[in-house]
Amino acid sequence: MSILGNWLTDVRYAARRLRARPGYTLLAALTLALGVGGTAAVYGIARGLLFDPLPYAHEREVGAFWKKTDWTEEEFLHVRGRVPGFRAVALYRMRDVIMREGDGPARLLPGVSGSAELFDVLGVTPAHGRGFRAGDDVEGADPIAVLSYGLWQELGGHPSIVGTRMTLDGRPRTIVGVMPRGFWFPDPSVRIWTPEGLSPEGRSYNSTLVGRVAAGNDVHEMAAPIAALVALLDERFDHPAQWSKTRDPRITTIRDDIIGGMRPAVLATLGAMAFILLIACANVAALMLGQVNERSAELAVRLALGANRPRLTQQLVVEAMLIAVAAGMLGTALAWGGFRVLARALPLGAWTDVTAPDWTVFASAMAIAIMAALLVVLVPTVSLWRGDLGPALRSARTGRLEGRGGRLESGLVIGEVALAVLIASGAALLARSVVNLYALEPGVRTEGVGVLDLSLERGRSRDRQRETIDRLTAAIADVPGVRAAAVAQKLPLRDGGYGLPITIEGRADVVGMTTEYRMVTPGYLEIMGFALRDGRTITQADRSDTERVVVINEALARKHFPNINPIGQRVGDEGGFARVVGVVADARERQLTGDAVPVRYVPTAQMPWVDEVQSLVLHAVPGADPAALLDVARRTVERVAPGVAVRATTTMSRVLDVAVGPVRQVMTLLSLLTGLALTLGAVGIYGVIAHFAARRRREFAIRIAIGLPSSRAVRRVVGHATLLVAIGIGLGVLAAIGLGRLLQSLLYGVPAIDPLAFAAAGAALLGVGLLAALVPAWRAGRTDPAIVLREQ
């Protein structure tokens, strides 16, 4: 018979055997599908984020400069064309634009403004029209815009759009280009790019620099050029230490800059799913090994009749491949259905809504299933080649089940338990970190507060912007269920603010220092729950025609007024001096962790400018859900100020969740995967211990017949399970020590080697193992010697 004929015969034979054992077939396919589906889904996400090339022609040559979002136009224009080691450097900043069609509500388009070099640095050519060119970023140049492919499709998808004009932020702009499908920068949410009108006097610290290294240079080895750039900056600028560009100068690859923050969470989830897959493989291997053991007499007869071990091995491989195909198809369905759920569970930010499954999920699932099947079939193959099937033939008449495969099965259980302990330990470490983070006092009210992030119409006068803010605040305060409303230019826990220099009247020692700067409307400090320590807060009486006032926090008072009462003192900034009228408690301004920083709160009504991006906060009445009020608040904004775009709505409790960071989401995922690992581990332990008890059924029958108490048989089975689980726990804890170091960047207040987390994981696995062993142990204790001996 030909080789192909042998394989076809084995396929038909394996298919008949699998149909004859539907329980075994279904359990093996489902078990493997769980691991295959989850791994394929996570790999599909990780591939797009971490492994696929970025949509930039010169990805390996592009890097981001240090002090991200902290460069000024003045600094960029000073070094433009003079940065050593780089063929081009570009400036960019996030700048959303408002688009209105007719009398409809304002629509916010996430956008980026940049210098003329931006697209050249990235190495991308528009699909239609052109990108930026020299002169587009000069103040007074004709306003233009470049659209993303997705926005172009929404607007009709006609190439003729190039050259037409669109009203953005209340001014017409000429559409000069459309970017190719799949291009994004710096994240997939951006819909439009506009040139930034650069000013030599532009000193707002809100831009990022990216550059493409010159030929022959490596973005990883730019120490000398960066040192020369620092010297170039130092010859012109004398900034306060907080803003100095001489601190930790470096270049980060564009991939690490854009995606690096997501890498630990994605890799941790991918690793956990790979461990789940290995546990599933161990379970299926144990099932197949049990089938080989049960067929030992049959295999011995076939060997005696002329079959050889390679052919028997081939049949095992074919059977495993058929299970793999079924598991791959089931796994694809699981991966496809759970892909979006998994993407939302991971801390992917702007990538959450653009990550979608495609045909590669099916290909990945099938490839993973086949590799898993090859791994699975190794165990029964080793048992087949290692053992002597002769004794099975000689014992066939008595029906005795040989005890082959016990060591391999025990090894599989130990491996399963070790992997489950590894996942559970990681989840326990992260859970303790999350508990520690939530235990931190944020310093602001997080319950009962809703947030609407707004974009005001650009280019309007200060007085008109203030009028808009006042109308919106009053309208939202009148919404049923809202106790009060206020507006701030930045919120605690999630945003950086202005860092402005501070001077103190009559104090020559306060030079070159800065503090955080918050512009707020009356009622903001009360809504956010800032505890008033002294004086008063900002009120409606603090107008543009009254003396400038400021409220400071305790950190500022401790630093600059350590031995005197700050109330009544005058502190200055670029707009002049303001009198301190109050002191409030510290809040976590930029992030949840870290020490409190000095902050000034000033009335928006007394500022010479009003930011276009504002956050409106509303305090719900007792018993009202702030999240439920946000839709009404959004509609109120559209009605009262149609030109104002609502960027996003959220609650302060959700802001706190985000401030806790990706550790919270990764902990949730690992906890779910821990549950899956424990379930699969219980199945595996049950199966192996059941085989252990079955192989010793005759032995237990004889011992019980001569007087062995049933409880001793139960203890022996449970003791065997406990030994295997204990060994697995020990190995798993050793591996978890290394895992803790890998998760170090996600941990807070928890050491990488945490006995409490490891003990909790070990206890969970020990409990699961004992429960899984109880049923076969109970059956062993109830063995009826008469029935067993008659069978033998």
Take the residues in segment 164-203 that are farther than 15 Å from residue 136 by Cα and of a type in the set (Gly, Ala, Ser); name whichever of them is least open to solvent (accessible area, probe 1.4 Å). 202
Checked 84, 105 against criteria (touching a Leu at 6+ places or on another chain (Cβ under 8 Å), assigned to a loop (DSSP other than H, G, I, E, B) and either open to solvent by 20 Å² or more (accessible area, probe 1.4 Å) or hydroxyl-bearing (Ser, Thr, Tyr) (or both)); the one match is 84
Please specify each residue of segment 445-455 satisfying the condition of being of a type in the set (Val, Ile, Thr) and open to solvent by less than 10 Å² (accessible area, probe 1.4 Å). 449, 451
Here are some conditions: (1) touching a helix residue (DSSP H, G or I) at 6+ places or on another chain (Cβ under 7 Å); (2) under 18 Å from residue 421 (Cα atoms); (3) at pLDDT below 85. Residue 737 meets all but one. Which one does it not meet? (1)
Would you say residue 473 is touching a Gly at 6+ places or on another chain (Cβ under 9 Å), of a type in the set (Ser, Thr, Tyr), closer than 30 Å to residue 143 by Cβ and part of a helix (DSSP H, G or I)? no
Cross-chain or 6+ apart pairs with Cβ under 7 Å, segment 422-438 first and open to solvent by 20 Å² or more (accessible area, probe 1.4 Å), then in a helix (DSSP H, G or I) and at pLDDT 90 or above: none
Could you tell me how many of the residues in segment 568-587 are over 17 Å from residue 501 (Cα atoms) and either open to solvent by 60 Å² or more (accessible area, probe 1.4 Å) or in contact with a His (Cβ under 7 Å, 6 or more places away or on another chain) (or both)? 0
Residue check, residue 537 against (1) of a type outside the set (A, V, I, L, M); (2) open to solvent by 80 Å² or more (accessible area, probe 1.4 Å); (3) in a loop (DSSP other than H, G, I, E, B), all met but one. Which one? (2)
What tally of residues in segment 319-333 results from selecting those that are among the aliphatic types (A, V, I, L, M) and buried (at least 21 other Cβ atoms within 10 Å of the Cβ)? 4
Got at least one residue in segment 509-524 being closer than 20 Å to residue 638 by Cα and outside any helix (DSSP H, G or I)? no
Is it the case that some residue within segment 143-152 is more than 24 Å from residue 354 (Cβ to Cβ) and not in a strand (DSSP E or B)? yes
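One line per residue, one yes/no per condition, for (1) modelled with pLDDT of 85 or more; (2) over 30 Å from residue 273 (Cα atoms); (3) over 24 Å from the mean Cα position of the chain (by Cα):
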site: 33; (1), (2), (3): yes, no, yes
site: 69; (1), (2), (3): yes, yes, no
site: 72; (1), (2), (3): yes, yes, yes
site: 76; (1), (2), (3): yes, yes, yes
site: 81; (1), (2), (3): yes, yes, yes
site: 84; (1), (2), (3): yes, yes, yes
For segment 456-468, how many residues meet the condition of being open to solvent by less than 10 Å² (accessible area, probe 1.4 Å) and under 35 Å from the mean Cα position of the chain (by Cα)? 1
Those residues of segment 229-267 which are crowded, with 17+ Cβ neighbours inside 10 Å and more than 27 Å from residue 62 (Cα to Cα) amount to 239
Residue in segment 362-377 that is modelled with pLDDT of 75 or more, touching a Phe, Trp or Tyr at 6+ places or on another chain (Cβ under 9 Å) and surrounded by fewer than 21 Cβ atoms within 10 Å (Cβ to Cβ) present: yes
Can you tell me which residue is modelled with the lowest pLDDT among those in segment 696-734 that are within 18 Å of residue 412 (Cα to Cα) and open to solvent by 40 Å² or more (accessible area, probe 1.4 Å)? 720
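Results for (1) in a loop (DSSP other than H, G, I, E, B); (2) closer than 26 Å to residue 76 by Cα, shown as yes or no for each residue.
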{"position": "181", "(1), (2)": "yes, no"}
{"position": "186", "(1), (2)": "yes, yes"}
{"position": "190", "(1), (2)": "yes, yes"}
{"position": "193", "(1), (2)": "no, yes"}
{"position": "205", "(1), (2)": "yes, yes"}
{"position": "208", "(1), (2)": "no, yes"}
{"position": "216", "(1), (2)": "yes, yes"}
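A quick yes/no check of all residues on (1) modelled with pLDDT under 75; (2) part of a helix (DSSP H, G or I):
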site: 272; (1), (2): no, yes
site: 284; (1), (2): no, yes
site: 298; (1), (2): yes, yes
site: 307; (1), (2): yes, no
Output the residues belonging to segment 480-503 that are open to solvent by 10 Å² or more (accessible area, probe 1.4 Å) and assigned to a loop (DSSP other than H, G, I, E, B). 480, 481, 490, 494, 495, 496, 497
When you scan segment 43-79, how many residues do you find that are without any contact (Cβ under 8 Å) to a residue 24 or more places away in the chain and either surrounded by 16 or more Cβ atoms within 10 Å (Cβ to Cβ) or assigned to a helix (DSSP H, G or I) (or both)? 1
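The values are calculated or read from the model by the stated rules, or taken from the named source; none is laboratory data. Small disclaimer: the values here were computed from a predicted structure and weren't measured. Glycine also receives a Cβ, built like all others from the backbone with ideal geometry; neighbour counts cover every protein chain displayed. In case anyone asks, the SASA skips ligands and DNA or RNA and just uses the protein heavy atoms, side chains included. Shrake-Rupley method; radii C 1.70, N 1.55, O 1.52, S 1.80 Å.
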